[in-house]
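Contents: one structure, followed by commentary.
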Amino acid sequence: MTGRIVIVGAGIAGATAARTLRREGYTGAIVLIGAETSLPYRRPMVSKELLAGTAYERRMLIETAEAWRAHDIDLRLGIHVDGLDTARARIELADGSTLGYDALLLATGARARRLPNPQRHIHTLRELGDIAPLRAELRDGGTLLVIGAGVLGCETAATARVLGAQATIVHAGRAPLDRIAPPLVGDYFRNLHAANGVAIHDDITLTRLAGTADGVTATAADGHTWDATAALVAIGSEPNTDLARAAGLAVDNGIVVDDHHRTSAPAVFAAGDVANRLGERTEHWNSAQEQGSSAAKAILGQPLPPRETPWGWTTQYGRNLQFAGHFHPDDTIILRGVPEAHDFTVLAIRDDRVTAAATLARPAEFRAARNLISRNAIVDPDRCADEATDLRAYAAAIAPAHRAPVGL
């Protein structure tokens with residue numbers, strides 16, 4: 001296949017797609033367009049090493065500038081795409097120029113969800129440009145109020161402590177990390193934060209968040225208030241679908257695509273955080289990486305590998321949690337190990353199948369659990385709960401079931 005493939009979005013999905021196209025033998029032109037001015041980088045580092053100032057630039061980058069040139073990939077940074085004309089197969093750039101394509105991949109990602117009426121000392125954290133203003137407020141004894149107890153909020157609070165700042169987390173949920181893990185895991189991280197001087201307040205509905213000359217004040221529905229040097233709004237993200245929506249593509253919680261990443265427009269594909277693939281949109285680094293590779297192969301007309309079970313990780317105070325699948329309130333929860341010893345595996349069982357897992361300090365068991373989830377294997381819950389069971393060997397010995405995974 002020759003011609004020109006244009007990729008809009010230089011995050012991990014777009015960058016992986018560009019590299020995969022070359023690796024799979026595509027010899028035509030590849031144009032990778034990014035709105036940020038920096039080379040494509042590892043976004044999970046933003047709330048950890050990059051905010052803390054402990055990461056080297058080369059470690060942050062997905063590829064060096066020299067490597068992009070060696071791949072013969074036309075990397076265009078600091079470029080905004082203002083329009084998409086699917087009838088003429090071209091995109092319109094902010095400078096008024098147009099660029100035609102034979103195939104187009106939309107990997108425009110997601111943006112931080114913000115509160116209305118931005119004010120001083122109230123921040124979001126998603127891109128490199130967000131780091132310096134927040135870090136400046138945390139120096140010299142600053143205090144941080146984090147609104148949201150998901151991965152980003154919890155990681156940023158932990159990093160604030162590394163920077164010497166005090167931190168408090170308030171959120172509307174019943175337990176921290178409740179979107180990715182059951183309360184058992186949330187309680188472990190609540191205790192971990194408490195041991196490091198961070199209080200987490202659940203079931204909080206804020207009625208007011210105001211920036212002042214010296215910082216911020218937050219007020220809850222019950223009248224409780226918190227004062228801090230700065231606030232971080234970490235209440236999730238929303239897909240960047242503006243370009244697709246304006247072009248008339250099907251959009252529903254992301255750009256709607258089929259299993260081959262095809263949108264409702266000819267020769268236009270989507271992948272990563274912005275893509276709603278068969279009713280599921282994920283925002284994990286690993287999923288975006290897998291989708292970037294898969295979309296590139298779809299563009300080339302190649303067979304696609306089986307879809308991966310969505311999975312991710314979070315690191316807080318040096319403790320690394322890996323998680324996969326989707327936990328639900330009615331799951332049977334199995335605990336292997338001892339959370340107080342910072343060593344455990346949590347499995348969700350539904351209809352005698354493992355549908356989700358979260359592990360700390362047990363990477364081999366995590367791989368085994370992902371194996372069981374992806375193969376929709378029928379398991380014996382008692383054997384899974386028995387620490388004497390080698391989960392790796394057990395997973396390898398079980399035959400897959402012959403129907404779609406439950407709850408994915």
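Give me the net charge of Arg362's neighbourhood, meaning all other residues with Cβ under 13 Å from the Cβ of Arg362; Lys, Arg count +1, Asp, Glu -1.
Working: positive: Arg319, Arg336, Arg367, Arg370, Arg392; negative: Asp343, Glu365, Glu387, Asp390.
Charge balance in the 13 Å sphere: +1.
If you place +1 on the Cβ of every Lys and Arg and -1 on the Cβ of every Asp and Glu, how big does the dipole about the Cα centre of the stretch 326-397 come out, in debye to the nearest 20?
Numbers: 9 positive and 12 negative charges, 81 e Å.
With Lys and Arg at +1 and Asp and Glu at -1, about 380 debye.
Please give the per residue accessible area of the chain, computed with a probe of 1.4 Å over protein heavy atoms only, in Å².
Ligands and nucleic acids excluded, the result is 44 Å² per residue.
Using θ = phi - 60° and the Karplus relation 6.51 cos²θ - 1.76 cosθ + 1.60, list the HN-Hα couplings for the stretch 187-202 in order, rounded to whole Hz, with x at every Gly or Pro.
The phi angles translate into 5, 4, 6, 4, 5, 5, 5, 4, 5, 10, x, 10, 8, 10, 10, 8 Hz.
Counting pairs of Cα atoms in the chain, how many percent are more than 33 Å apart? Before the final figure, lay out the partial values.
Numbers: 32136 of 83028 pairs.
Roughly 39 percent, once rounded to a whole number.
Kirkwood-based Rg over Rh for the stretch 312-363 (C-alpha set), two decimals?
Numbers: Rg = 11.2 Å, Rh = 11.4 Å.
We get a ratio of 0.99 for the stretch 312-363.
Over all alpha-carbon pairs in the stretch 1-121, figure out the percentage whose distance exceeds 17 Å. Spell out each step's value before the answer.
Values: 4412 of 7260 pairs.
In whole percent, the share of Cα-Cα pairs in the stretch 1-121 beyond 17 Å is 61.
Would you kindly calculate the mean projected area, averaged across all directions, of the convex hull enclosing the Cα atoms of the stretch 261-402, in square nanometres?
On the way: hull surface 40.5 nm².
For the Cα atoms of the stretch 261-402, the hull's average projected area reads 10.1 nm².
How much mean residue ellipticity at 222 nm does the chain get from its helices, if each DSSP H run of length 4 or more adds -39500 (n - 2.57) and you divide by all residues, to the nearest 500 deg cm²/dmol? Let's see the in-between values first.
Working: 11 runs with 99 residues, N = 408.
Theoretical 222 nm ellipticity from helices: -7000 deg cm²/dmol.
Of Ala52, Ala67, Gly34, whose Cα points farthest to the positive end of the dipole of the stretch 34-92 (charges on the beta-carbon: +1 Lys, Arg; -1 Asp, Glu; origin at the Cα centre)?
My answer, from the dipole projection, is Ala52.
Would you mind telling me the share, in percent, of accessible area of the chain contributed by carbon and sulfur at probe 1.4 angstrom?
Working: 8710 of 18010 Å².
Here carbon and sulfur together make up 48 percent of the probe-accessible area.
Between Ser264, Asn240, Ala213, whose Cα lies farthest towards the positive end of the dipole of the stretch 170-298 when Lys and Arg beta carbons carry +1 and Asp and Glu beta carbons carry -1, centred on the Cα centre?
Towards the positive end, the residue furthest out is Ser264.
So what are the ³J(HN,Hα) numbers for the stretch 257-273, from phi and the Karplus equation (6.51, -1.76, 1.60; θ = phi - 60°), rounded to whole Hz, Gly and Pro as x?
Per-residue couplings from phi come out as 9, 8, 5, 9, 6, 7, 8, 7, 10, x, 6, 10, 10, 9, 7, x, 4 Hz.
Considering the dipole of the stretch 194-253 built from charges on the beta carbon (Lys and Arg +1, Asp and Glu -1) around the Cα centre, which of Ile204, Ala231, Ala194 is farthest to its positive end?
Ala231
About the Cα centre, and with charges only on the beta carbon of Lys, Arg (+1) and Asp, Glu (-1), how big is the dipole of the stretch 114-233? Nearest 20 debye, please.
About 180 debye.
The values are calculated or read from the model by the stated rules, or taken from the named source; none is laboratory data. Owing to the predicted nature of the structure, the values given are computational and were not obtained by experimental measurement. So basically every Cβ, Gly included, is an ideal-geometry build from the backbone, and we count neighbours across all protein chains shown. With ligands, DNA and RNA removed, areas are computed over all heavy atoms of the protein, side chains included. Shrake-Rupley method; radii C 1.70, N 1.55, O 1.52, S 1.80 Å.
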